[in-house]
Every structure is written in C-alpha cells, then in structure tokens.
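Note sheet for the following structure.
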Amino acid sequence: MIRTGIGYDVHPFQEGRPLILGGVEIPHTRGLKGHSDADVLCHAIADAVLGALGLPDIGFYFPPSDMSIEGICSLRILEKCAALAAEQGYQIQNVDSSLIAEAPRVMKHAQAMKEKIAAALNIQPGQVGVKATTNERLGFVGREEGIAAMAVACVARLSA
C-alpha cells in the first residue's frame, strides 16, 4: 500500500534568533519564531509524513506547552516521524517540499538541506526534494514578515 500526505507550516521572523531551514543554519538578519528551532521546512515535511501515516500533526507529538522540548532541533522531529513510520510498518519513499520566502535566497543551501533531511528520515538525499519560490511580494511572506513551507510525502507498507 502506498500513501501520501501533505504538510504546511508558517513561522514569523524574530530578531535575535538563527535562521534554521532543513536543519541548516542560513545566514540572515533574522531567524524564525517558535517553540522549537522553528525550522518551517522540517515542520511541513513532518506533517506530510504524519499525514501519510494517518497520524495527528506534530503539535500532538511535540506540543508547544511541553517546556522540556523548548528549542528542540527539528531534525529530531523528523527522526520521530521516521520511527513512527517504521512502527506502523511503513517506509518513507520520498518527500518533496517548497519554501516560500522573499528573502533570503536559499537554493545554494538546498543540497545540504536534502542531506540533513534524508539522514533524519533514514532515506537517501535523492529521495528528498527541496525547492524555493517567492510570494511575488504578496501577503505576509511578500512583506517579509515570515516564511512558509509546503511538503508532500509518500510512504509504502513494508513487505510482511
């Protein structure tokens, strides 16, 4: 059985924080606000994987009210998603994602992001897609108030 899921996440910018996308620190004047490291790309991918498995979203597993996980690296969230897939008898086949931001330009970091995401999900970098686009100066993304990300994941049941 093959299943797919979609994920979407958004975080506003915040002064004084590093910008982490796909597990990679990106040079920028501001980071993203969040309970974790606010890696919007990893969060969208996590929700896509969880959706493909028919499970609740990352807020269920990593609630912002849990102070013990404050500042958690979002790659740990992806590792949890891969473990949940294995527990249910599924293997992640691929993920594809899009970052939506006016700035900074991130595609020069795409390969590093793919490698970190793949390692966390226990798949190969070739099974991870990372793309980026702008919002053509429209909306909160266009005003550079934050970054959004979308993702899709495909999982397949392992042979019994």
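Here I6 clears all of (1) more than 22 Å from K131 (Cβ to Cβ); (2) out of contact with any Pro (no Cβ under 9 Å at 6 or more places or on another chain) except the condition numbered (1). Residues in the range 1-20 that are of a type in the set (A, V, I, L, M) and over 13 Å from L78 (Cβ atoms): M1, I2, I6, V10, L19.
Is it fair to say Q88 is over 18 Å from G146 (Cβ atoms), among the polar types (S, T, N, Q) and at pLDDT 95 or above? For Q88, the condition - over 18 Å from G146 (Cβ atoms), among the polar types (S, T, N, Q) and at pLDDT 95 or above - is met. Mind listing just one residue for me: the one in the range 122-147 that is among the small types (G, A, S) and in a helix (DSSP H, G or I) and, of those, surrounded by the fewest Cβ atoms within 10 Å (Cβ to Cβ)? Within the range 122-147, the match that is surrounded by the fewest Cβ atoms within 10 Å (Cβ to Cβ) is G126.
Is there a residue in the range 1-11 that is among the hydrophobic types (A, V, I, L, M, F, W, C), within 15 Å of the chain's Cα centre (by Cα) and loosely packed, with under 14 Cβ neighbours inside 10 Å? Yes, that holds for at least one residue.
Taken over the range 94-121, the criterion of being outside any helix (DSSP H, G or I) and either crowded, with 16+ Cβ neighbours inside 10 Å or in contact with a Pro (Cβ under 6 Å, 6 or more places away or on another chain) (or both) is satisfied by N94, V95, D96, S97, S98, L99, I100, A101, E102, P104, V106. Here the condition is being over 23 Å from A119 (Cβ atoms) and out of contact with any Cys (no Cβ under 7 Å at 6 or more places or on another chain); of G7, G34, G71, G54, it holds for G54 alone.
Give the residue that is nearest to N94 (Cα to Cα), with candidates limited to residues of the range 107-160 that are more than 15 Å from the chain's Cα centre (by Cα) and basic (K, R). By that ranking, first place goes to R157. On the stretch given as the range 26-68, residues that are crowded, with 16+ Cβ neighbours inside 10 Å and either part of a helix (DSSP H, G or I) or aliphatic (A, V, I, L, M) (or both) total 20.
The values are calculated or read from the model by the stated rules, or taken from the named source; none is laboratory data. Here the structure is a predicted model, which is why all the values come from computation and not from measurement. Note: ideal-geometry Cβ built from the backbone for every residue, glycine included; neighbour counts use all protein chains shown.
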